[in-house]
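The values are calculated or read from the model by the stated rules, or taken from the named source; none is laboratory data. Computed from a predicted model, the values in this text were never measured in an experiment. When we count neighbours, we look across all protein chains shown, and the Cβ atoms used for this are built from the backbone with ideal geometry, even at glycine. Areas reflect the complete protein model, heavy atoms only, side chains present, ligands, DNA and RNA absent. Shrake-Rupley method; radii C 1.70, N 1.55, O 1.52, S 1.80 Å.
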Amino acid sequence: MKLLLSITLSLFVTGFGLIQQAVTTPPEMAVSAKPVDDVGSRATPVERIKAAKGFKVELIYSVPGDTYGSWVNLCADDKGRLLVSDQFGGLYRLTPPAAGQKLNDGDIHAVPANIRAVNGMAWAQGSLYVGVNDYEKKIPSGLYRISDSDNDDQLDKVECLRAMDARGDHGVHAVVPSPDGKSMFLVTGNTTKPTELAENSQVPQVWGEDHLLASFPDGRGHNRGTLAPGGIIYKVDWEGKSFEAYASGFRNIFDAAFNRDGELFTYDADMEYDFNTPWYRPTRICHVVSGGEFGWRNGAGKRPAFYEDNLPAVLDIGPGSPTGTTFGYGAKFPQKYQDALYALDWSWGKLYAVHLERDGSTYSATKEEFLTGAPLPITDAIINPIDGAMYFTIGGRRVQSGLYRVTYVGDESTESVVATSPASEPMELRRSLERFHGRIDPKAVAEAWPCLGSDDRFISAAARTALEHQPLESWSKKALNESNPRTQVQALLSLARVAGVCPQHRTDDTPPVDTAMRDKILSAVLKIDNADLDLRNQLVMQRLIQIALNRFGAPDEATRKALTAKLDPMFPSKSDDLNWLLCETLAWLESPNIAAKAMAMIQNAPTQEEQMQYARSIRMLKSGWTPELQTAYFEWFIKAANYRGGASFEKFIQFIRDDAVASLTRSQKKSLKAILAKKPVKKSAIENLGEIFEGRAAKKWTLDELSVAAQEGLKDRDFDNGRKMFAAAACYACHRFQNQGGMTGPDLTTAGRRYSAHDLLDQVINPSKVINDQFSSVSVLTDDGVMHNGVIVNLGIRKNASTLVLNTDLADPNERVTIDRNTIEDLRVSKTSPMPNGLFDRMQEDEILDLIAYLLSGGDAKHEFFAK
């Protein structure tokens, strides 16, 4: 018998969990048997949407899907009316209702233009410009212009300005007018084939995969065979004749927005299949600059932020599915929110307010959750210049759609903020270099050269891009003979990119490999004294070596030995990033020492990401192996079989092992027969990672004794050991810290900003005392009598809006159960945290204090916390 309880409990999913609001029933009572409404008939009610303090959300229209489809885009025309698009249908126009009022079906008017599948819109030049992404192939995807042919206030004329070859979700998306009104920017994902480019494109057309060691395709086949340049943002003239590649290397960007400085920003996607691999990159806010490369490559080939031939993000957000972006300009909001960049996450139902600050020639940023809800598959948001309100839509993939309005009803001033400050000197310098992008200019080399060694990565990248657009003969000798090591490594990086061709991008028309240039570049590298380079420029040098070897091929034996002799003493270093590159290159060079060194790193590395990276690097190594080392290597695969990650994780481990086995000789396979045949024993994350504690007696630490110890005991702690303890306690299985670890618990990188030592100890010792709202566990009873326990990770909106998905093991993001919401008899919010008790029980006091100090510092021994 179904429970029908009278309660006032609002639940909404925010990312991974539930936020509990006003509970008037006893805590042991169940939530309603039908805890969510029938989303097939109406949009998410505002009671299940949480907004920032002082803001009010109104549902002004629940879209009947069989009539008006599922809305994915918003745009205001020149009269303040809203245009909306159905992802698989046409366009509609409406006038926003007065405050407190809703729209009726009769207020929605079909636009007569014969257009469909609009994924991006902008009103400009008296017309509507749209990006069409039609996976059903009923009309060509591409850039269109829609206008009023006879001045009757009806959009009826459709012009295809440029048809484009796109497939799936990662196709043709937003159209963004430039601040100066002279052009527009077209946003495309990585399954849009590059269109014919104008000669003055800002991106140098020398892109490549540039993997020194062969990469892997995605384990589940996603985008297999898709090569660079990935997603492109094009700069386009209003007639759609000239398409300049402005920036590239994106995965699946859906929208972009300009700030008051005239700088462009986008919100790029992660690849959730890559969770817990070394190459996983979270969703992120990117500052899109002229000629920028943002590093997406398929499968395991994604470029980490420390690769110099790739620009870093302004802000990492976390897991999600990015959709719309917009700035709050013109909103009747407090100043902080007028200036914010709003970034929308479709799958986790979040609208972030991103607060940007100038930082050199680029920006730094922080984020806050401005809106969260469930289900809230949020697709687009705009500020209506007429009423100063924010409007946003939910929908996409044919799920229930709705139109909402957000207004500020708090006490702060909403006076319009229009003041702008002049661009900073670093920003002006970067822009002065960008004027050489896409054109040959005799002044370019002289102006770019002093900026190559800049400490500002965006400036040095702009200088390299300027260089790469100039004739090679005008600067190649200068690069080879440069006396400043910081400048030279940057110049040689560009030289390797321009003079060499990535093997995967060679065609019948590609000139023969210039082996003489390879030898000159490597000779110049060998002359550089490692001691003359700081860490960043050491990374630049290692990356340029990899690109040179990849694009030009193997040098002679003498050069190979000289490179090995130069690099071998550097490994291992104190930098994980440098070790990544050094291990790869030394393995490619067949260093006789790298097998032993890499195995030592695997055995001592605290995280599965680091271990996996070293194991990947030596998988095809032939030299330096002993039977003991090879046995230890294949023993690691048995341990790694219990590591957990995204949907492709197990496949990636298998790919590494397959290559390692294929690299063995027949006699080696025979001698290793037993270990190769050995099957892993399934272990939990704590059992697998906590081997350091084996044999220790347990001790029940109290909060009082550890809090007292922490008062004077956190200075001069051993951070390396703290990091080991973070791994040994299996914290990495669920929590992310400094871009490593899981995604099923809170990111702890900034724990020092939120917790005191006492509070952090309390969280670990008493995990159920205060449960993070986003990670509350629930128990769900279905009408077949089965009880499911776990954390809600989304509402299944990717495929079916009527399902609820639980992660039943936070140490394994793939342990999930999908529940038909119509079968739910009972849903209870658990008072017990999914975080286990007793994580300190087998640690010694010094180990606990090392761990707490490490967490509070964010991994920085010079953190201000320790200056107190």
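Scanning region 752-766 for residues being closer than 18 Å to CYS734 by Cα and either in contact with a strand residue (DSSP E or B) (Cβ under 9 Å, 6 or more places away or on another chain) or hydroxyl-bearing (Ser, Thr, Tyr) (or both) gives a total of 0.
When each of ALA647, ALA698 is tested for being in a loop (DSSP other than H, G, I, E, B), at pLDDT below 95, of a type in the set (Gly, Ala, Ser) and open to solvent by 70 Å² or more (accessible area, probe 1.4 Å), the lone residue that passes is ALA698. Could you please find all residues in region 397-434 being assigned to a loop (DSSP other than H, G, I, E, B), open to solvent by less than 70 Å² (accessible area, probe 1.4 Å) and closer than 30 Å to ASP134 by Cβ? The answer is VAL399, GLN400. Whether a residue is charged (D, E, K, R), open to solvent by less than 40 Å² (accessible area, probe 1.4 Å) and at pLDDT 90 or above was assessed, and ASP762 passes this test. Please determine whether any residue of region 365-380 is open to solvent by 20 Å² or more (accessible area, probe 1.4 Å), touching a residue at least 12 places away in the same chain (Cβ under 8 Å) and touching a Gly at 6+ places or on another chain (Cβ under 8 Å). No: zero hits. When each of LEU493, LEU480 is tested for being part of a helix (DSSP H, G or I) and either more than 29 Å from the chain's Cα centre (by Cα) or modelled with pLDDT under 95 (or both), the lone residue that passes is LEU480. Of the residues making up region 73-91, those that are out of contact with any Leu (no Cβ under 8 Å at 6 or more places or on another chain), open to solvent by 10 Å² or more (accessible area, probe 1.4 Å) and either of a type in the set (Val, Ile, Thr) or over 15 Å from ALA110 (Cβ atoms) (or both) are ASP78, LYS79, GLN87.
Of all residues in region 437-455, those that are in a loop (DSSP other than H, G, I, E, B) and either open to solvent by 30 Å² or more (accessible area, probe 1.4 Å) or of a type in the set (Ser, Thr, Tyr) (or both) total 6. No other residue among SER141, SER127, SER149, SER85 is modelled with pLDDT of 95 or more and closer than 18 Å to GLY324 by Cβ apart from SER85. If we scan region 243-264, do we find a residue that is modelled with pLDDT of 95 or more, in a loop (DSSP other than H, G, I, E, B), of a type in the set (Ser, Thr, Tyr) and touching a Ser or Thr at 6+ places or on another chain (Cβ under 9 Å)? The answer is no, given that none of the residues of region 243-264 is modelled with pLDDT of 95 or more, in a loop (DSSP other than H, G, I, E, B), of a type in the set (Ser, Thr, Tyr) and touching a Ser or Thr at 6+ places or on another chain (Cβ under 9 Å).
With respect to TYR329, determine if the residue is part of a loop (DSSP other than H, G, I, E, B) and of a type in the set (Ser, Thr, Tyr). Spelling it out, TYR329 is indeed part of a loop (DSSP other than H, G, I, E, B) and of a type in the set (Ser, Thr, Tyr).
Let's see how each residue does on (1) under 19 Å from LEU356 (Cα atoms); (2) surrounded by 23 or more Cβ atoms within 10 Å (Cβ to Cβ); (3) in contact (Cβ under 8 Å) with a residue 40 or more places away in the chain; (4) of a type in the set (Gly, Ala, Ser):
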| position | (1), (2), (3), (4) |
| --- | --- |
| ASP270 | no, yes, yes, no |
| THR277 | no, yes, yes, no |
| HIS287 | yes, yes, yes, no |
| ASN298 | no, no, yes, no |
| TYR307 | no, no, yes, no |
| GLY318 | yes, no, yes, yes |
| GLN338 | yes, no, yes, no |
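Scanning region 349-361 for residues that are more than 15 Å from PHE392 (Cβ to Cβ) and in contact (Cβ under 8 Å) with a residue 40 or more places away in the chain gives VAL354, LEU356, ARG358, GLY360, SER361.
Please enumerate the residues belonging to region 650-683 that are open to solvent by less than 50 Å² (accessible area, probe 1.4 Å) and not in a helix (DSSP H, G or I). Correct list: SER663, LEU664, LEU672. Counting the residues of region 604-631 that are open to solvent by 30 Å² or more (accessible area, probe 1.4 Å), out of contact with any Leu (no Cβ under 8 Å at 6 or more places or on another chain) and either under 19 Å from VAL681 (Cβ atoms) or not in a helix (DSSP H, G or I) (or both) gives 5.
Would you confirm whether or not region 558-570 contains a residue that is of a type in the set (Val, Ile, Thr) and over 24 Å from GLY295 (Cα atoms)?
Yes.
The single condition from (1) open to solvent by 20 Å² or more (accessible area, probe 1.4 Å); (2) small (Gly, Ala, Ser); (3) closer than 27 Å to ARG821 by Cβ that SER756 fails is (3).
For the subset of region 819-856 comprising residues that are β-branched (Val, Ile, Thr), open to solvent by less than 20 Å² (accessible area, probe 1.4 Å) and closer than 28 Å to LEU806 by Cβ, which member is farthest from the chain's Cα centre (by Cα)? Lay out the reasoning, then the answer.
Within region 819-856, the first condition is being β-branched (Val, Ile, Thr), and the residues that meet it are 819, 823-824, 829, 832, 848, 852.
Keeping just the survivors that are open to solvent by less than 20 Å² (accessible area, probe 1.4 Å) gives 819, 824, 848, 852.
With the extra rule that they be closer than 28 Å to LEU806 by Cβ, the set shrinks to 819, 824.
Numbers: ILE819: 28, ILE824: 34 Å.
Selected residue: ILE824.
Just a yes or no: is a residue in region 223-232 in contact with a Pro (Cβ under 6 Å, 6 or more places away or on another chain) and farther than 30 Å from GLN125 by Cα? For region 223-232, residues in contact with a Pro (Cβ under 6 Å, 6 or more places away or on another chain) and farther than 30 Å from GLN125 by Cα: present. Screening LYS79 against (1) without any contact (Cβ under 8 Å) to a residue 12 or more places away in the chain; (2) farther than 29 Å from VAL409 by Cα; (3) of a type outside the set (S, T, N, Q) leaves a single unmet condition, (2).
Any residue in region 585-595 that is touching a Gly at 6+ places or on another chain (Cβ under 9 Å) and over 29 Å from TRP636 (Cα atoms)? Looking for residues that are touching a Gly at 6+ places or on another chain (Cβ under 9 Å) and over 29 Å from TRP636 (Cα atoms), one finds none in region 585-595, hence no.
Would you confirm whether or not region 283-295 contains a residue that is basic (Lys, Arg) and not in a strand (DSSP E or B)? So far as region 283-295 goes, no, none of its residues is basic (Lys, Arg) and not in a strand (DSSP E or B). The criterion of being at pLDDT 95 or above, closer than 30 Å to ARG224 by Cβ and in contact with a His (Cβ under 9 Å, 6 or more places away or on another chain) holds for GLN546.
Just checking, how many residues over region 282-309 are in contact with a helix residue (DSSP H, G or I) (Cβ under 6 Å, 6 or more places away or on another chain) and among the polar types (S, T, N, Q)? Selection size over region 282-309: 1.
Screening region 404-435 for residues that are touching a helix residue (DSSP H, G or I) at 6+ places or on another chain (Cβ under 8 Å) and aliphatic (A, V, I, L, M) and picking the one that is modelled with the lowest pLDDT gives VAL417.
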